Amino acid sequence: MDPTTDTDMTVPAHSRYVIIGAGIHGLSTGWHLATELRRRGLGGGEDILILDKTGVGAGASGIACGVIRNNYFQPAMRELMAHSVSVWESDPEAFAYSPVGYMQIAPEEMHHDVAKIFAEQQAIGYPSALIEGERDCRAYLLDMFGDWQARGISVILHEEKGGYANNVRSLKGLAAKAAAEGVRIMPNVRVAGLDTSGGAVTAVDTDRGQVRCDQLVIAAGPWIRDLWAMLDLPAQIPVARPGSPATEPEELQGSRPMWTYWALQEGTLAVDPGEFTDNQVRRSCTSIPARRSTTTSPATSSPTGCGGSTTSPTSTSAGSRAGPRPTSSIARPARWRWTRTARPAPSTR
Ligand SMILES: Cc1cc2nc3c(=O)[nH]c(=O)nc-3n(C[C@H](O)[C@H](O)[C@H](O)COP(=O)(O)OP(=O)(O)OC[C@H]3O[C@@H](n4cnc5c(N)ncnc54)[C@H](O)[C@@H]3O)c2cc1C
């Protein structure tokens with residue numbers, strides 16, 4: 001059965017594991033949990049039920065730009081992102097993943113931060129090159145894109161791994177992997193309440209009836225505020241003022257809403273895939289950001305966007321075949337080499 005079109009109107013009375021949300025986190029958790037239960041002889045996918053009020057990829061995961069990179073500024077993310085990228089690489093076809101690499105092309109203001117990310121990547125053996133100095137950067141870019149125009153670039157971080165994925169096809173591939181493990185994915189089931197006992201959730205109340213559960217995973221993405229409220233968790237969070245002692249009484253600290261939604265408004269560009277190729281006419285690893293603006297707005301049932309991290313499916317197994325086979329590896333001029341302390345070979349500085 002297509003896991004995205006399970007139209008059975010009856011929810012089971014009990015499932016050991018219930019996951020709310022069929023985005024990348026819910027599906028990945030379901031798939032990975034299923035394989036892990038089976039590996040340990042503790043059960044399998046048939047113990048897992050994923051519920052979604054709409055369907056697979058209905059939330060942020062279905063509208064994400066699909067950029068796969070290890071380029072977030074928090075050092076703690078570095079190894080996690082490297083692992084995530086390796087999962088994308090484990091089945092590019094099922095995940096509709098194009099491993100063309102990733103380039104951060106930045107002005108001097110960002111030099112320090114970009115160099116720091118590079119150093120962290122090198123420390124864990126994540127292959128990347130750092131090009132510094134305006135002349136070297138320009139030479140590097142012109143080597144790759146003969147018609148490169150932009151000036152004022154003084155640092156480039158070129159990640160050999162990463163690339164982009166077709167978000168909806170990725171999610172369908174991931175759902176198929178979970179379903180192949182026996183995980184049941186039910187669309188059109190809205191969770192409206194949670195029953196608790198002794199501080200633990202014992203059942204989820206849905207518009208199609210109640211499901212008792214032993215463990216609950218909430219992967220509701222931008223709708224977390226609603227689930228948070230169902231758990232009777234506080235709507236406000238105290239925030240300490242900069243420089244204030246940690247012991248400052250709560251009433252002197254600021255109180256902020258626990259959840260604030262930043263709606264990232266993005267446009268869509270229709271681009272001929274052949275337009276942005278490198279000098280060897282291979283698909284490029286740069287992306288053209290659409291004009292964007294941000295606003296804060298309360299969560300609605302249809303978020304227009306949210307920032308996020310590189311998320312990934314998890315684990316491997318045979319699954320559906322969706323999306324094209326990647327046709328190119330990272331596009332880089334032959335005279336630049338990947339080394340642990342990569343620098344441009346010619347001394348042009
Ligand atoms: C415009 C945009 C661009 C982005 N670009 C990138 C990118 O290039 N690279 C990257 O790594 N990340 C990107 N992100 C971030 C990334 O998309 C998210 O971090 C990720 O998709 C979140 O996945 P999730 O599974 O947690 O949530 P979601 O995908 O939002 O899934 C949550 C699911 O929960 C369901 N749900 C909610 N409430 C209920 C309920 N009460 N009952 C039942 N079901 C419910 C929803 O229907 C939804 O399907 C982008 C995000 C946006 C919005």
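We did not get these values from a lab; they are worked out from the coordinates using the rules stated. Quick caveat, the model's predicted, so the values are computed rather than measured.
Some values worked out for this structure:
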read-out	value
For ALA96, distant residues with modelled amide H under 5 Å away	ALA322
Partners for LYS116 among lysines (Cα-Cα distance below 21 Å; same-chain residues under 8 apart left out)	LYS161
Other-chain or far-sequence residues with amide H under 5 Å of LEU194's (modelled H)	ASP205
Placed amide H near ILE50: partners under 5 Å, 5+ positions off or other chain	ILE19, ARG184, ILE185, MET186
Set of lysines with alpha-carbon distance to LYS53 below 27 Å, sequence-local pairs under 8 removed	LYS172, LYS177
³J(HN,Hα), Karplus 6.51/-1.76/1.60, whole Hz, each residue of region 14-31, x for Gly, Pro	8, 9, 4, 10, 10, 10, 9, x, 10, x, 5, 6, x, 5, 4, 4, x, 5
